[in-house]
1. State whether one or more residues within the range A:19-36 are more than 11 Å from chain C (Cβ to nearest Cβ), under 17 Å from residue A:213 (Cα atoms) and assigned to a loop (DSSP other than H, G, I, E, B).
2. Residue A:222: part of a strand (DSSP E or B), of a type outside the set (A, V, I, L, M, F, W, C), in contact (Cβ under 8 Å) with a residue 24 or more places away in the chain and surrounded by 14 or more Cβ atoms within 10 Å (Cβ to Cβ), yes or no?
3. Kindly indicate which of B:194, B:184, B:226 is touching a Leu at 6+ places or on another chain (Cβ under 8 Å), surrounded by 24 or more Cβ atoms within 10 Å (Cβ to Cβ) and not polar (S, T, N, Q).
4. Output the residue which, of all residues in the range C:100-137 that are in contact with a helix residue (DSSP H, G or I) (Cβ under 8 Å, 6 or more places away or on another chain) and of a type in the set (Gly, Ala, Ser), is nearest to residue C:196 (Cα to Cα).
5. Which ones in the range B:292-321 are open to solvent by less than 10 Å² (accessible area, probe 1.4 Å) and outside any strand (DSSP E or B)?
6. Where in the range C:159-263 are there helices (runs of 4 or more DSSP H), lying fully within it, with 1 or more residues that are within 8 Å of another protein chain (Cβ to nearest Cβ)?
Amino acid sequence: MEIKIDDVTKTYGDVTALDDVSFDVERGSTFGLLGTNGAGKTTLIKLLVGLDRPDDGRIRIGETDVATAGRTVRELVGYLPQRIGFPSKLTGREVLRFTARTRRIPKAKWQERVPDVLDTVGLAGAADRNIGGYSGGMRRRLGLATAILNRPPVLILDEPTAGLDPEGVAEYHHVIEEITDRTDSTVLFSSHVLSEVESLCDSVAVLHGGELRASGTVEGLTESVGSGVTVRMRVDDVGTAATIARRHGDVSTSDDSVVVELAEASVSDLIGDINETVDVAGVDVERPGLETIFHDAVEIGDIGEVPA
Amino acid sequence: MGTLETGFVALSVLVLLGTAVGGVVVADDGEPTDRVTFDPDVRDVDSFEPTERDGTAVVDGTQYESVQSAVDAASPGDTVTLEGRFEDERVVIRTPNVTLTSTDGFAVIDGGAGDSAAAPDDDDGSPDGKAPGDDGAVGEAVGSDSESSNDTVLSVDAPGVTLDGVWVRNSGLSATEQDAGIWVTDNGSDFRLVDSRITDITFGVWLHETDGALLRNNTIVGHEGVYPLAKRGNGIHLFYTSDVRMEENAITGVRDGIYFSWASESHAHGNYMWDLRFGVHYMYSDNCVLEGNVAFDNEVGFALMVSRNLEIVNNTAVNNTGPSGHGIQVLQIDDTVINGNKLVGNVHGVHLDNSQRITLEDNLLMENRRGAHITSGTRDAEVHGNSFVHNDRQAFTPMRAQKHWDGNYWSDARSADLTGDGTSEIRHRPEGLVEVIAYRNPEAAVFTNSPAFDAVRMAESSFPILESPGVVDNRPLVEAEHDWRRYYGD
Amino acid sequence: MTAAELLEDEDGVSAGETVFEASEGNGTIVDSGRRTAALVLNEYRLAVRSRWAAALTAIFALFSLLILTFSGASVGPAGFERIVASLVNLAVYLLPLAALVFGYDAVVGHEDSGWLDVLFALPISRSQVVIGTFIGRGIVLVGATAIGFGVSLPFLVRDFGASVIPTFGFFVFAAIGVALAFFAIAVLVSSVVSEKVYALGGVLLVWVWFTLIHDLLALGFVAAFDLPSGAIVSMIVSNPADVFRVLALSRLEVGGGAGFAAVIAQTDLSMNTLLASLGAWIVLPTALAAVLIRRRRL
């Protein structure tokens, strides 16, 4: 089920949270919504799931206009809010049963599926404990469980890995990957972590200050910034190394290293040439990716706010 | 669903169902009875049974067929001994110092006038059936002379006459004609009526401009079938008398038990009066003492009107609940002491209206709708030592000034006796701003007992600086000086 | 089972829009009722588990038994009526306060934990969330009031006989009514304010207003102006605490002067008016909350 976002504008008082944003999310794709804090990601997601209405523009999920059919949208969409929480006196299983009942999933189905979903998100052992005793990661995984319980055609996750420890992030990525790799579900999630978007998503949109700065497939965007790579080598003789390197590409130098930009195919030649003449203490190869896109998309000064 | 959750709902449903079912089963017939218990030991007047034997009267060893012939034959100072029953008698005693007495039970002097009449022969002409003399007594004074009516059973027209242990019954039914059981004329000074019965009469004993009478331990029962009460006569009717003593009489079935009009220096003591309009009624009667009398189930217990220098002491008025049912009604009374009375279960315990210099002291005012009601126009009332117990409203006065009634007991007062002298240091405000508002706007009484009501009252009693109108007790008593609990029964 | 397997249909068909679990009976009243029932059950369960049920029951029981103990001096119908009158005097403070404090976080409290975000993302309307919350917690309040005050009933029957049941039952009924009315007001406050502390401040103001200020102003108006007939009636029905007080006392002979029933007879207040206004005080704030919650921003 595809998502179409057309000319969406949303203001809160004097603040323009979204300014004329348009992009499409293809059916079955995994879509990353990238931006710094305050870029408008959460606002857009709330509009997507019908928790708020755009001032202008239109959002459709499949054929459904979100603004006029809030409940139908919430039937179609599994949603994980950024700020997810559960009453601490309930158990994980009770939350899932409650979700199933309010989603009117037939009892025979949910009786079978609740244990499965708990298993999937790794909460089978903790299902009958009070949520008050859950860690932050467990709560978010329980949130994901409520979102996928009814096999929604669209899954919208707002900052799913925010605040998780590295292990929790890895587990979460694993679950999302399984869903995205093997199903037709359209998954849209927001993040400010470039690497997870790059590794999980087919397509991406970059929001900054409420404006859409870039959107498209990860591949396409990467190509648009060129196919060259950057090689950074720490060497004991910077001058000699720079001379050799100039034969392969553009060179800049610092006290202990040379930085070369060149076509990817020439990297091994470059390293071979220099290695013959100069002692190389270390090599670092950077391919252009979302970070470059992100750099280009937002003002340079804002980059500092983005945790790498 | 855990057991706690199921259990709580189950218990709730159980309680609600139990209450609902209980409510339906028991239904709403549990009408609360009078909460005041009062069971005075009065004579059972319904059990009086006159003898059927023919009457004989004996004077000086000679027997007569009628009482009249006997008393006519008697010399001053003689005793006429009666026995049996005299039918259709009319007796006029003109022999001074004669004594009539019975030898065997109560000899009956039966006037025979009341038997046949179903309704009173009443032609006073007032549209509401109000008899002359109702409240005012002026009509009676103007319309009466010293002669008794034709349907009066026994008249006393000589001084020093004594009736002892006789039963006079069946006078006429007219209050306007002043039909009486016994009529004493202005010649009848020092009349004595003791241990006798006067029943089925309109007026019981009418003392007409007679001084020095003594009425003791008699039972007076009027025509109980006559309504309204205004068409009945009074039990004991004093008209321009002085120095009359009435002791331990029992009076019922008449209009007013003891009626004082222009009667002075008279003393009523230990009389019982019930099922009447007024138990005792004073009009234009000064310097009288009312002591130890009991009036219950009347419209008004003791009605004091337009008189001065009365002593109303140690009387009891219970369940007097007429349309304006007062224990003691005080209307245009001056210089009067009301002391030690027990006023329980009446509409108003004591009702003071347009009266001057009244002392209300050591009385028990309990379970009345209003304990003390004092209207504007009443001045210089002293109120202390009284116990105000569980009246719906303890005190009421619509006056705009603040009245200080210090040293009373109030069952609803918060008290704290820090000095140990028996009086509380917390001043009490039985009557204040909100009560006055509710009096002027009766609808506003729905706010009674609301927190706002309480807050105003608390502010009034806590901050003496608020001189709002009403009643204040600066030194309320900590303990009641009355044993009020006995009126709640055992 | 992996997530992918999970998202596949039993027949191995790839998951997606074709196989997701669409709700049964969309849009019908029964359907919407069942969804609300899930909310009701959940709210009820939370209120019991967070010990509100036990705490409220204990408080009500404690106070009603205290009054029973300390006014045990006089026997007979008078004694019973005094006890009920004392209970009314207590309940007119306690019940609104308890109901308001119980209800102030009903909606805004869930926002703090993030649960409200989850609820609002479910295919139920926000109005259903409010109504479900009201009913679910309301059951606890009704139960606590019934049990807390009902514990006195056996003692009252022992001391005064079974004839007291209708009057006492009516008191409990009115107490439940006023508790629900103030709880509804609390839910309304909780639905419109943005933070829990504002809700708490709001309900405390509501409490002060209805237990004290409203009646003070009413008395002031009565004293100062020549009000048209019916003014008193509107003053009473515009305060649920007053409606409760008048309802509960109307069965008694004690209270304001010549029996409270006689006082009520002087006004145009009928039993039906009182019951209807108490009902309105329960329904209208809840309905208003159910409408205003749609404007709430998360």
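The values are calculated or read from the model by the stated rules, or taken from the named source; none is laboratory data. Keep in mind that what you see is a predicted model, and the values were worked out from it rather than measured. No Cβ is skipped: glycine too gets one built from the backbone with ideal geometry, and neighbour counts run over all protein chains shown. Side chains are part of the model used for accessible areas, which takes the heavy atoms of the whole protein and leaves out ligands, DNA and RNA. Shrake-Rupley method; radii C 1.70, N 1.55, O 1.52, S 1.80 Å.
1. Going through the range A:19-36, the residues more than 11 Å from chain C (Cβ to nearest Cβ) turn out to be A:19-26, A:29-36.
Imposing the further condition that a residue be under 17 Å from residue A:213 (Cα atoms) reduces the set to A:19-25, A:31-36.
Remaining after also requiring assigned to a loop (DSSP other than H, G, I, E, B): A:36.
Scanning the range A:19-36 turns up at least one residue that is more than 11 Å from chain C (Cβ to nearest Cβ), under 17 Å from residue A:213 (Cα atoms) and assigned to a loop (DSSP other than H, G, I, E, B).
2. Numbers: part of a strand (DSSP E or B): no; of a type outside the set (A, V, I, L, M, F, W, C): yes; in contact (Cβ under 8 Å) with a residue 24 or more places away in the chain: yes; surrounded by 14 or more Cβ atoms within 10 Å (Cβ to Cβ): yes.
So residue A:222 fails the test.
3. On the way: B:194 fails: surrounded by 24 or more Cβ atoms within 10 Å (Cβ to Cβ); B:226 fails: surrounded by 24 or more Cβ atoms within 10 Å (Cβ to Cβ).
Matching residue, one of B:194, B:184, B:226: B:184.
4. For the range C:100-137, the residue satisfying everything is C:109.
5. Of the range B:292-321, the ones open to solvent by less than 10 Å² (accessible area, probe 1.4 Å) are B:293, B:295, B:298, B:300-304, B:307, B:310, B:312, B:315, B:317-318, B:320.
Hits for the range B:292-321 are B:293, B:298, B:310, B:315, B:320.
6. Details: elements: C:165-192, C:196-208, C:214-224, C:231-237, C:240-249.
Those helices (runs of 4 or more DSSP H) span C:165-192, C:214-224, C:231-237, C:240-249.
Residues checked against (1) crowded, with 19+ Cβ neighbours inside 10 Å; (2) closer than 20 Å to residue C:244 by Cα; (3) charged (D, E, K, R):
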residue: C:150; (1), (2), (3): yes, yes, no
residue: C:158; (1), (2), (3): no, no, yes
residue: C:176; (1), (2), (3): yes, yes, no
residue: C:186; (1), (2), (3): yes, yes, no
residue: C:204; (1), (2), (3): no, yes, no
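Residues are listed down the side, and each one gets a yes or a no for (1) basic (Lys, Arg); (2) surrounded by 22 or more Cβ atoms within 10 Å (Cβ to Cβ):
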site: A:8; (1), (2): no, yes
site: A:22; (1), (2): no, no
site: A:27; (1), (2): yes, no
site: A:33; (1), (2): no, yes
site: A:36; (1), (2): no, no
site: A:44; (1), (2): no, yes
site: A:55; (1), (2): no, no
site: A:60; (1), (2): yes, no
